[in-house]
Amino acid sequence: MSVTDAGYLSVLFDVGGIIGGILAGFMSDQLDARATTAAMFMYLAIPSLYAFHAYGSTSKVTNIALMMISGLFVNGPYALITTAVSADLGTHKSLKGDSRALATVTAIIDGTGSLGAALGPFVTGFISKTGWDSVFIMLILCALIAGACLSGLVKSEIQQIIQNWRNRSSDTPNGTADPGAQPLLEGSS
């Protein structure tokens, strides 16, 4: 494949990332669990990166599909973290309404991302001297570490979801199950 064709194909990683950002935002809004969504995407990035490395060279169509899927799972959490999470942190009650805090938090998150964007190619260039297997191992390890770093927040979100679910079920009349939840075949038992 020529360098020009490779450059054109690499754009598809970002196309997948656009779809991933939209999907991650939608899922986090539906679940009301941003960290859980981001961690799930990071953990799903691991098999997608492995598949891209293992099977991406079998055909151009496979390469395109796996590159877009990898972009979806890698860039989805990035979009979620740099937007929704920074807005959540910037409006946290501990900041006592300081509107400048949102800009500060966003700058810290973006600055950290820029540091990663600067170091990533440098480290990749260094590691690629030993072969592309090492580069993909590094990418997979980074996804694993990112998911692990979110584990404390995921645990808190899941506990909150369970607590909300318990409160909702205990708020029904006489403590019984939700009257709106009826069996599909009523009277068949």
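The values are calculated or read from the model by the stated rules, or taken from the named source; none is laboratory data. Note that this is a predicted model, so its numbers are computed, not measured. We place every Cβ from the backbone using ideal geometry, glycine too, and count neighbours over all the protein chains shown. Surface areas here come from the heavy atoms of the whole protein model, side chains and all, with no ligands, DNA or RNA. Shrake-Rupley method; radii C 1.70, N 1.55, O 1.52, S 1.80 Å.
Some values worked out for this structure:
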item	result
The chain, helix-only ellipticity at 222 nm - DSSP H runs n ≥ 4, -39,500 (n - 2.57), divided by all residues, nearest 500	-26000 deg cm²/dmol
Phi-based couplings in Hz for the range 78-84 (Karplus 6.51, -1.76, 1.60; Gly and Pro marked x)	4, 4, 5, 5, 6, 10, 5
Three-way shape call for the chain based on the alpha-carbon gyration tensor, with the a/c threshold at 1.5	oblate
The chain: most fluctuating residue of PRO121, PRO47, PRO77 per GNM, C-alpha cutoff 10 Å	PRO121
Packing-based ranking, highest mean first, of 19-27, 35-43 given that Cβ atoms within 10 Å are counted	35-43, 19-27
Whole-Hz ³J(HN,Hα) from phi, Karplus 6.51 cos²θ - 1.76 cosθ + 1.60, for the range 10-23, glycine and proline x	5, 4, 5, 4, 6, 4, x, x, 5, 4, x, x, 5, 5
Surface accessible to a 1.4 Å probe, LEU150 within the full protein complex, Å²	30
Calculated from backbone phi, Karplus (6.51, -1.76, 1.60) coupling profile of the range 108-116 in Hz, x at Gly/Pro	5, 5, 5, x, 5, x, 5, 4, x
Heavy-atom accessible area per residue - the chain, 1.4 Å, Å²	66
Whole-percent carbon and sulfur share, accessible surface of the chain, 1.4 Å	67
Net charge of neighbours whose Cβ lies under 10 Å from the Cβ of THR37, counting Lys and Arg as +1 and Asp and Glu as -1	-2
